[in-house]
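These notes concern the structure reproduced below.
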Amino acid sequence: MSSADPNQPNAPFPTSGRIAAFDYGTVRIGIAICDPDWILASPLEVHPAANWRDHGDYFRSLIKSERVVGIVVGLPIHCDGGESEKSKESREFAKWLAAETQLPVRMFDERFTTADANRRIGGNLTRAKKKQRVDAIAALVLLESFMEASRYRQAVAGESPDATPSGGDSLDA
């Protein structure tokens, strides 16, 4: 664990080690994880979103068992860059997750992740299975985008003072 407070927007975010991405939704939370070198990301699972504040043990156990060192939470923003009520809920979830896990958390633009996830899913699933799988794949798309943005910037996305929600973002905004 870092000695810095992960709830602070300037808490250092690791540049290596396994990170987890959470695609927060009102029904389900999609979860993806990457390898320690940030080369390969994989969908992990989908967790029910109902009463998520009561699931601290689940999230702490997941973080420990997967040896996660940092967390990315999707920030739903409109195409014009504006935020919505859903953005506020995602920020609330991210702050709670940082407090529960004591890990640094970064918000990252999740525009078009669900559309991309829908394109990636094959047609051999039932409608219910497809809906659930989409959330895990959306978390994967979010994590891949975060890793790619970090490689492109040669720094963790959202770390520079000029970062905006279209790239990475701190928990406070």
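A few points about this structure:
- Residue match in the stretch 76-90 (condition: in a strand (DSSP E or B) and at pLDDT below 95): yes
- Residues of the stretch 90-106 that turn out to be over 23 Å from V27 (Cβ atoms), buried (at least 18 other Cβ atoms within 10 Å of the Cβ) and not hydrophobic (A, V, I, L, M, F, W, C), as a count: 2
- Odd one out for R53, checked against (1) over 23 Å from I121 (Cβ atoms); (2) in contact with a Gly (Cβ under 7 Å, 6 or more places away or on another chain): (2)
- Whenever a residue of the stretch 1-25 is assigned to a strand (DSSP E or B), its partners that are at pLDDT below 90, lying with C-beta atoms within less than 7 angstrom and at least six residues away or across chains, give the pairs D23/E110; D23/T113; D23/D135; D23/A138.
- Qualifying residue in the stretch 30-46 (condition: closer than 19 Å to E92 by Cβ and without any contact (Cβ under 8 Å) to a residue 60 or more places away in the chain): no
- Condition met for V27 (open to solvent by 10 Å² or more (accessible area, probe 1.4 Å), under 28 Å from I121 (Cα atoms) and among the β-branched types (V, I, T)): yes
The values are calculated or read from the model by the stated rules, or taken from the named source; none is laboratory data. Just so we're clear, the structure is a prediction, and the values are computed from it rather than from any experiment. Every residue, glycine among them, receives a Cβ derived from its backbone with ideal geometry; neighbour counts consider all protein chains shown. The accessibility values were calculated without ligands, DNA or RNA, using every heavy atom of the protein model including side chains. Shrake-Rupley method; radii C 1.70, N 1.55, O 1.52, S 1.80 Å.
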